[in-house]
1. Consider residue 136 carefully, then state whether it is modelled with pLDDT of 80 or more, surrounded by 14 or more Cβ atoms within 10 Å (Cβ to Cβ) and on the phi < 0 side of the Ramachandran plot.
2. For segment 111-130, give me the residue count where each residue is loosely packed, with under 13 Cβ neighbours inside 10 Å and touching a helix residue (DSSP H, G or I) at 6+ places or on another chain (Cβ under 8 Å).
3. Tell me yes or no: at least one residue of segment 7-14 is assigned to a helix (DSSP H, G or I), over 24 Å from the mean Cα position of the chain (by Cα), surrounded by 10 or more Cβ atoms within 10 Å (Cβ to Cβ) and modelled with pLDDT under 75.
4. Is it true that residue 39 is at pLDDT 75 or above and either surrounded by 15 or more Cβ atoms within 10 Å (Cβ to Cβ) or under 24 Å from the mean Cα position of the chain (by Cα) (or both)?
5. Going by what's in this entry, would residue 141 be described as more than 19 Å from residue 162 (Cβ to Cβ) and either in contact with a strand residue (DSSP E or B) (Cβ under 8 Å, 6 or more places away or on another chain) or part of a helix (DSSP H, G or I) (or both)?
6. If a residue has to be more than 21 Å from residue 73 (Cβ to Cβ) and assigned to a loop (DSSP other than H, G, I, E, B) to count, how many in segment 144-172 make the cut?
């Protein structure tokens, strides 16, 4: 047996621990299996980086934790916040008549009201990027912050807007 095969066998012995550990971090059985599989693969590929003076379980847990974080990051990037109520947008698309000025004005008032409830930092990013359609790098330059900060604030603001609009839809 080669050293890599021996190491792979040692890693495989910790499979039940990894499954329990990852299932506590995620709520989906399917995600747990995917993350455990990816963790095992990364551990075997990067086995040469393992320092044998530390515990294998802590190293595997760190890899699994990073895999969960990476999954969350990638799912956040695909999440979008509608700036208009989806119900109102669907009604406007389905109706044969174009929406009248009153409906358009009401949607704008609703959106502006939701944006005005945001904190100043988040509101400025939403106004620049979403309402004025400026690219993130231009908004970052105007605000004197990094592009990463603009993206983070925009994500946080959209999450708050999404929740606010959901609450309005429930109340209606």
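1. The answer is yes for residue 136.
2. 2
3. yes
4. Against the criterion (at pLDDT 75 or above and either surrounded by 15 or more Cβ atoms within 10 Å (Cβ to Cβ) or under 24 Å from the mean Cα position of the chain (by Cα) (or both)), residue 39 qualifies.
5. Against the criterion (more than 19 Å from residue 162 (Cβ to Cβ) and either in contact with a strand residue (DSSP E or B) (Cβ under 8 Å, 6 or more places away or on another chain) or part of a helix (DSSP H, G or I) (or both)), residue 141 qualifies.
6. So the answer is 2.
The values are calculated or read from the model by the stated rules, or taken from the named source; none is laboratory data. In this text, all values refer to a predicted model and were calculated from it rather than measured experimentally. Backbone-built Cβ (ideal geometry, glycine too); neighbour counts: all protein chains shown.
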